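*Asks:* Here it is, the structure, as structure tokens.
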């Protein structure tokens, strides 16, 4: 999503300078997992899947 728009990619790069590469890769894997869950469970609320993802990402900091 971010790579489709250079402005978003630039903003992401500015904010991610202090994060180690492993952490960024972990976040990307969580995003992919959330996307897969949303597409596999279309009847469930996207909000619930995204909330769970955010909690996992914040818990890993």
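The values are calculated or read from the model by the stated rules, or taken from the named source; none is laboratory data. This structure is a prediction, so every number in the text was calculated from the model and none was measured. Because the Cβ atoms are built from the backbone with ideal geometry, glycine has one as well, and the counts that use them run over all protein chains shown.
*Asks:* Does segment 22-60 hold any residues that are loosely packed, with under 12 Cβ neighbours inside 10 Å and in contact (Cβ under 8 Å) with a residue 12 or more places away in the chain, and which are they?
*Replies:* Result: 60, single match.
*Asks:* Answer yes or no as to whether residue 5 is loosely packed, with under 12 Cβ neighbours inside 10 Å and either modelled with pLDDT of 85 or more or touching a helix residue (DSSP H, G or I) at 6+ places or on another chain (Cβ under 8 Å) (or both). Step through it out loud before you land on a result.
*Replies:* Values: loosely packed, with under 12 Cβ neighbours inside 10 Å: yes; either modelled with pLDDT of 85 or more or touching a helix residue (DSSP H, G or I) at 6+ places or on another chain (Cβ under 8 Å) (or both): no.
Spelling it out, it is not the case that residue 5 is loosely packed, with under 12 Cβ neighbours inside 10 Å and either modelled with pLDDT of 85 or more or touching a helix residue (DSSP H, G or I) at 6+ places or on another chain (Cβ under 8 Å) (or both).
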